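Single-structure report; data block below.
The values are calculated or read from the model by the stated rules, or taken from the named source; none is laboratory data. This one's a predicted model, so the numbers in the text were calculated from it and none came from an experiment. Every residue, glycine as well, gets a Cβ built from its backbone with ideal geometry; the counts of neighbours run over all protein chains shown.
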Amino acid sequence: MKYSNVERPVLRIKLTSADKLLEVGGWIILSLLWLILILKFTYIPDTIPIHYSVTGKPDSFGNKTTIFLLPILGTLLFVGMTILNNYPHIFNYPTKITNRNAERQYKIATKLIRYLKFIIVLTFSLIVFMTFQTVNDKLSGLGIWFIPIIIGLIYIPLIYAIIKLFKIT
């Protein structure tokens with residue numbers, strides 16, 4: 001059944017301390033990503049890993065300027081999700097949004113978006129950092145546990161939030 005967002009209440013969700021911490025932490029990580037990349041860029045070789053296999057080993061190499069794709073994409077996603085999070089009434093929800101359940105549904109959804117955007121910038125920052133370590137022979141790639149950990153950091157909270165969204169009516 002499709003639920004229309006026409007009748008949904010438009011609410012301003014107040015941030016909790018944890019929400020504020022995720023917001024500030026995300027902005028700090030994003031700023032540090034750019035700062036470190038700009039400061040270290042001249043010290044990395046002209047050819048760097050641009051792709052890693054499932055096992056975390058570099059399997060494709062390219063020009064060092066491609067390293068800027070991660071912070072650019074991370075910034076676009078982070079800013080876009082930040083803007084989107086101001087409009088929880090337009091999100092898709094698994095249940096009908098009513099005046100009675102709107103605030104709780106919106107809180108769960110906006111907290112999830114806030115958490116996911118934090119994980120995105122953290123992941124991109126780790127990839128950039130680990131790429132720097134790889135080209136300096138301090139690491140041999142991302143490591144075999146990188147992808148499973150990132151998948152867990154994304155999907156476990158996502159599943160948890162979806163279950164919570166279904167329980168609230």
Completion exercise
Only one of Pro157, Pro71 is within 28 Å of Val10 (Cα to Cα) and either touching a Phe, Trp or Tyr at 6+ places or on another chain (Cβ under 8 Å) or among the acidic types (Asp, Glu) (or both), namely Pro157
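How about the range 116-169: which of its residues are among the small types (Gly, Ala, Ser), within 17 Å of Ile50 (Cβ to Cβ) and assigned to a helix (DSSP H, G or I)? Break it down into steps so the answer makes sense when it comes.
The initial filter retains those residues of the range 116-169 that are among the small types (Gly, Ala, Ser), namely 125, 140-141, 143, 152, 161.
Applying the additional criterion that residues be within 17 Å of Ile50 (Cβ to Cβ) yields 125, 140-141.
Answer for the range 116-169, where residues must be among the small types (Gly, Ala, Ser), within 17 Å of Ile50 (Cβ to Cβ) and assigned to a helix (DSSP H, G or I): just Ser125.
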Fill in the blank from the handout: Cβ pairs under 8 Å, 6+ apart or interchain, first in the range 95-114 and outside any helix (DSSP H, G or I), second among the basic types (Lys, Arg), ordered by first then second residue, are Ile97/Arg8
Problem - Selection count, the range 80-94, where residues are under 17 Å from Leu15 (Cβ atoms), under 17 Å from the mean Cα position of the chain (by Cα) and assigned to a helix (DSSP H, G or I) - result: 4
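So which residues in the range 1-38 are hydroxyl-bearing (Ser, Thr, Tyr), under 22 Å from Lys117 (Cβ atoms) and assigned to a loop (DSSP other than H, G, I, E, B)? Please lay out each step first, then the result.
As a first pass, look at the range 1-38 and keep what is hydroxyl-bearing (Ser, Thr, Tyr): 3-4, 16-17, 31.
After this cut, where a residue has to be under 22 Å from Lys117 (Cβ atoms) as well, the list is 16-17, 31.
Result: Thr16, single match.
Taking the residues in the range 95-112 that are polar (S, T, N, Q) and more than 27 Å from the chain's Cα centre (by Cα) as candidates, determine which candidate is surrounded by the fewest Cβ atoms within 10 Å (Cβ to Cβ).
Let us first name the residues in the range 95-112 that are polar (S, T, N, Q), namely 95, 98-99, 101, 105, 110.
Next, only the ones that are more than 27 Å from the chain's Cα centre (by Cα) stay: 98-99.
Values: Thr98: 13, Asn99: 10.
Applying the filter and picking the extreme gives Asn99.
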Completion exercise
Taking the range 57-82 and keeping residues under 13 Å from Pro45 (Cβ atoms) and either surrounded by 12 or more Cβ atoms within 10 Å (Cβ to Cβ) or touching a helix residue (DSSP H, G or I) at 6+ places or on another chain (Cβ under 7 Å) (or both) leaves Pro58, Phe61, Gly62, Lys64, Thr66, Ile67
Exercise for the section: For residues that are surrounded by fewer than 20 Cβ atoms within 10 Å (Cβ to Cβ) and among the hydroxyl-bearing types (Ser, Thr, Tyr), scanning just the range 113-133, find the one that is farthest from Ile151 (Cα to Cα). Expected result: Tyr115
Problem - Residue satisfying condition, being of a type in the set (Phe, Trp, Tyr), touching a Pro at 6+ places or on another chain (Cβ under 7 Å) and either modelled with pLDDT of 95 or more or in a helix (DSSP H, G or I) (or both), within set Phe41, Phe61 - result: Phe61
